[in-house]
Structure formats: C-alpha cells, structure tokens
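A.B. asks: Handing you a structure now.
The values are calculated or read from the model by the stated rules, or taken from the named source; none is laboratory data. Worth saying up front: this structure is predicted, and the values here are computed from it rather than measured. Heads up, the Cβs are rebuilt from the backbone with ideal geometry, glycines too, and the neighbour counts pull from every protein chain shown.
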Amino acid sequence: MKQKVVPAPAPVKPGKDDVNWLNIGLMVAACGAAIAAPFQVFLCAWAILGPLHYLTEISWLHDRNYFTRRNVARRWWLGLVLLAVLTIGFAYAANDPMQRTVPVPFQVALIYLVFSAAAAAIFVRDWLNAVGLFLILSLGLFYFSGFQNYAVAANLLVTIVHVFFFTGAFILLGALKSKSWVGVLSLGVFVCCAIATVTVAAPFVAPSDRVRQLYTSFEYLNKELLRLSGRPQGVYEAAGAGVMRLIAFAYLYHYLNWFSKTSIIKWHEITRTRAVVIAGVWLAGGLAYLFDYRLGFGILYIMSMLHVFLEFPLDHQTMVEIGKSLRTGRWWAIGSQRGLSPS
C-alpha cells in the first residue's frame with residue numbers, strides 16, 4: 001500500500017496588516033527612545049542605520065529607473081543630481097569656518113532645481129516646455145535668493161520634510177492602496193507619536209560634552225525649527241527638548257520603516273555582488289567616521305544628500321497618487337469596510 005505523500009505547506013507570506021502592526025510597534029518604540037535620550041538616539045540612528053538606508057534605497061531606486069519614465073529626461077536629471085552632489089560635497093570639503101568657497105545661495109538653488117527637475121522629468125513631455133520651466137525657475141530662484149527663508153526652506157526639504165512629511169505620505173498612500181484600516185491606524189499613531197515628542201514633559205538623558213560636539217553640525221535644524229515655532233533658540237535647553245525629540249523620532253522611525261518593508265517592496269532582492277559592495281561601503285563609512293569625525297560626517301552627509309535627491313521623483317509621484325486616491329474615493333472604501341463611512 002502506497003503511503004500518501006502530504007505536500008509541504010506553502011510558506012506564509014506576511015500580510016500588509018502584519019507590516020502595519022509591526023510599524024505601529026516601531027513607532028511607539030522610536031517615540032519612547034526619542035523622548036528618553038533624543039540626542040543620543042539621533043546620533044546613533046544617523047551614523048549606524050542611516051548609511052545602510054541610503055545605500056539600499058539608492059540600489060532599489062536604481063533598479064526602478066528612479067521612478068522616471070523617459071530615458072532622455074532621466075539622464076538629464078541624473079546629470080543635474082550629479083552636479084548638485086559634487087558641488088555640495090566640494091563645498092563641504094573645501095570650506096573652513098571663516099571662508100565660503102561655494103556660495104550658499106548657489107548650493108541652495110541646486111537643491112530647488114533638482115527637486116523641480118524631478119517633477120519635470122516625470123510630468124513634462126515636451127523638452128521645450130521643460131527648458132522654459134527651468135529658465136523661469138532659475139530666474140525665480142535668483143530673485144528669492146536674498147530672502148531669509150530661501151535657504152531655510154531648502155534645508156527643511158532635505159531634512160525634516162524628507163524624513164517626516166514624506167514618511168507620513170508613504171504611510172497614507174499604503175493605507176489607501178491596500179484599503180486597510182490598520183494602515184490608517186498606523187498613520188494616526190505616527191501623528192500621535194510626533195505630537196507626544198513635543199508635548200510630553202519628561203526627564204531625558206542630558207547630552208554630554210562629547211555628544212554636543214558631535215551634534216554641532218546638526219544644530220542649524222534645531223535652531224530653524226525653534227525659530228519657526230517662536231521659541232528661544234536654545235538647542236540644549238528645556239525649550240529645545242521637544243524639537244530634538246521630534247527630530248530623533250522622525251529620523252529613527254524613517255530608517256526603521258524602510259527596513260521593516262522588506263517583504264513588501266523587496267529592496268533586499270539584489271545580487272550577491274551588490275550586497276557585498278553595499279556592506280563594504282557601509283562598513284568603510286563607519287570606520288571613517290570613527291577614525292576622523294569630519295571625514296566620516298562628510299561621507300555620510302554626501303550619501304544622505306544623494307539618496308534624498310534620487311528619491312524626489314518618487315516623492316512627487318506619491319503626492320499625485322494620494323490626490324488620485326482621494327478623488328476616486330479609496331478613503332470611503334476603507335471606512336465602508338469597517339462601518340466607518342463618513343456621515
């Protein structure tokens with residue numbers, strides 16, 4: 001008598017709600033860590049998780065043609081990205097505290113141009129229209145370069161807007177596409193955690209002299225957020241604790257969110273050779289940071305700017321997709337599934 005062979009059960013793939021629940025837990029953990037030790041949490045996340053995030057996301061974006069559709073437009077835009085990164089990198093390497101080799105308004109203009117050109121590379125089909133828009137934008141940047149918030153807005157775009165606003169946009173779009181109430185819940189938790197970081201009055205680990213020294217290069221972000229909120233610009237004083245907690249939460253969760261989506265966006269599906277290269281560059285950057293802080297910071301800073309620039313097309317498309325989803329009533333479908341349709 002032949003023994004019946006029972007087939008092995010198929011591996012269970014994690015559902016999107018499983019990832020959403022995981023991210024809710026990561027949000028709460030990141031929020032708690034940011035409240036308890038904001039300066040230390042940020043520096044550890046930026047130096048350890050940050051470079052690995054930059055490298056893996058750049059690899060993922062490259063395999064998807066940076067979410068641009070036309071080869072010619074993509075090449076021109078990548079050329080502009082290369083120019084911007086080289087210019088900003090040279091400015092960092094060549095500048096000393098008393099001298100500016102590359103004018104700051106020019107560096108800021110490159111950030112705006114890369115951001116705008118990313119949208120043009122996606123949505124503008126006629127190259128003459130693209131050139132015209134580019135020239136108009138250049139004239140506009142020249143005019144506004146004398147305003148105080150000209151550089152501030154660009155700095156916020158590549159820092160807190162990137163790690164907080166667009167992370168929230170990705171969470172919202174994921175919830176709309178999957179029609180998942182857990183996804184909507186995760187967005188609510190994300191917002192609540194952010195509010196908690198700036199409102200909860202709790203003791204935290206004070207930064208040591210060494211931590212303050214390491215954080216010097218990031219202080220401008222705290223000062224600008226404090227200025228915009230109308231508070232005294234004391235980065236290390238009690239008034240600045242909420243801003244620092246928000247920054248630490250936004251960066252830490254931004255990185256954790258990326259690594260938690262392995263099963264959904266498949267960023268880890270790369271060749272062994274590329275994986276070895278990514279691991280090698282990540283370790284080299286960390287060793288450079290330990291050997292010489294300025295050298296390591298420069299490497300990580302340039303990598304960070306590059307990955308932000310290369311993500312701009314995805315950011316533009318995400319905002320467009322959110323608009324389309326809201327217009328087509330996907331938010332209604334989420335509510336209807338749970339008996340939560342608006343009154």
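A.B. asks: Looking at the range 237-250, can you tell me whether even one residue there is of a type outside the set (Gly, Ala, Ser) and under 21 Å from Ile58 (Cα atoms)?
C.D. replies: No.
A.B. asks: Okay, next question. Output the number of the condition that Ala73 fails; it satisfies all remaining conditions of (1) modelled with pLDDT of 90 or more; (2) more than 29 Å from Lys179 (Cα to Cα).
C.D. replies: (1)
A.B. asks: So in the range 139-152, with the set limited to residues that are assigned to a helix (DSSP H, G or I) and either in contact with a helix residue (DSSP H, G or I) (Cβ under 7 Å, 6 or more places away or on another chain) or basic (Lys, Arg) (or both), which one is modelled with the highest pLDDT?
C.D. replies: By that ranking, first place goes to Val152.
A.B. asks: May I pose another question? Kindly provide the set of residues from the range 304-343 that are part of a helix (DSSP H, G or I), at pLDDT below 90 and either under 14 Å from the mean Cα position of the chain (by Cα) or among the charged types (D, E, K, R) (or both), ordered by number.
C.D. replies: Lys324, Arg327, Arg330
A.B. asks: Restricted to the range 170-192, and to residues that are in contact (Cβ under 8 Å) with a residue 40 or more places away in the chain and surrounded by fewer than 17 Cβ atoms within 10 Å (Cβ to Cβ), which residue is nearest to Thr328 (Cα to Cα)?
C.D. replies: Applying the filter and picking the extreme gives Lys177.
A.B. asks: Return yes or no: is Ala202 buried (at least 18 other Cβ atoms within 10 Å of the Cβ) and modelled with pLDDT under 90?
C.D. replies: no
A.B. asks: What single numbered condition from (1) closer than 28 Å to Asn23 by Cα; (2) surrounded by 15 or more Cβ atoms within 10 Å (Cβ to Cβ); (3) not hydrophobic (A, V, I, L, M, F, W, C) fails to hold for Tyr236?
C.D. replies: (1) is the only condition that Tyr236 fails.
A.B. asks: Kindly evaluate Thr197 against the criterion of being under 22 Å from Phe297 (Cα atoms), surrounded by 15 or more Cβ atoms within 10 Å (Cβ to Cβ) and modelled with pLDDT of 90 or more.
C.D. replies: no
A.B. asks: If you check Leu295 against the conditions, is it within 18 Å of Phe218 (Cβ to Cβ), without any contact (Cβ under 8 Å) to a residue 12 or more places away in the chain and not charged (D, E, K, R)?
C.D. replies: Considered against the rule, which asks whether it is within 18 Å of Phe218 (Cβ to Cβ), without any contact (Cβ under 8 Å) to a residue 12 or more places away in the chain and not charged (D, E, K, R), Leu295 comes out as yes.
A.B. asks: Would you please list the contacts, defined by Cβ atoms under 7 Å and residues six or more apart or on different chains, that run from a residue in the range 260-278 that is more than 11 Å from Trp60 (Cα to Cα) to a residue that is loosely packed, with under 11 Cβ neighbours inside 10 Å?
C.D. replies: Ser263/Lys13
A.B. asks: Continuing with this model, one more query. In the set Ala118, Ala91, Ala33, which member is surrounded by 15 or more Cβ atoms within 10 Å (Cβ to Cβ), in contact with an Asp or Glu (Cβ under 9 Å, 6 or more places away or on another chain) and of a type in the set (Gly, Ala, Ser)?
C.D. replies: Ala118 is the lone residue from the list that is surrounded by 15 or more Cβ atoms within 10 Å (Cβ to Cβ), in contact with an Asp or Glu (Cβ under 9 Å, 6 or more places away or on another chain) and of a type in the set (Gly, Ala, Ser).
A.B. asks: If you don't mind, there's one more thing I want to ask. In the list Tyr220, Tyr289, which residue meets the criterion of being of a type outside the set (Asp, Glu), touching a helix residue (DSSP H, G or I) at 6+ places or on another chain (Cβ under 9 Å), assigned to a helix (DSSP H, G or I) and buried (at least 17 other Cβ atoms within 10 Å of the Cβ)?
C.D. replies: Tyr289
Each row is one residue, and each column tells you yes or no for (1) in a loop (DSSP other than H, G, I, E, B); (2) under 23 Å from the mean Cα position of the chain (by Cα); (3) closer than 15 Å to Ile48 by Cβ.
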residue: Leu225; (1), (2), (3): no, yes, no
residue: Gln233; (1), (2), (3): yes, no, no
residue: Ile247; (1), (2), (3): no, yes, no
residue: Tyr251; (1), (2), (3): no, yes, yes
residue: Val276; (1), (2), (3): no, no, no
residue: Gly298; (1), (2), (3): no, yes, no
residue: Ile302; (1), (2), (3): no, yes, no
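A.B. asks: When you look at Arg210, is it surrounded by 13 or more Cβ atoms within 10 Å (Cβ to Cβ) and of a type in the set (Lys, Arg), yes or no?
C.D. replies: The answer is no for Arg210.
A.B. asks: Can you tell me which residue within the range 64-76, out of those that are touching a residue at least 60 places away in the same chain (Cβ under 8 Å) and part of a helix (DSSP H, G or I), is surrounded by the fewest Cβ atoms within 10 Å (Cβ to Cβ)?
C.D. replies: It comes out as Phe67.
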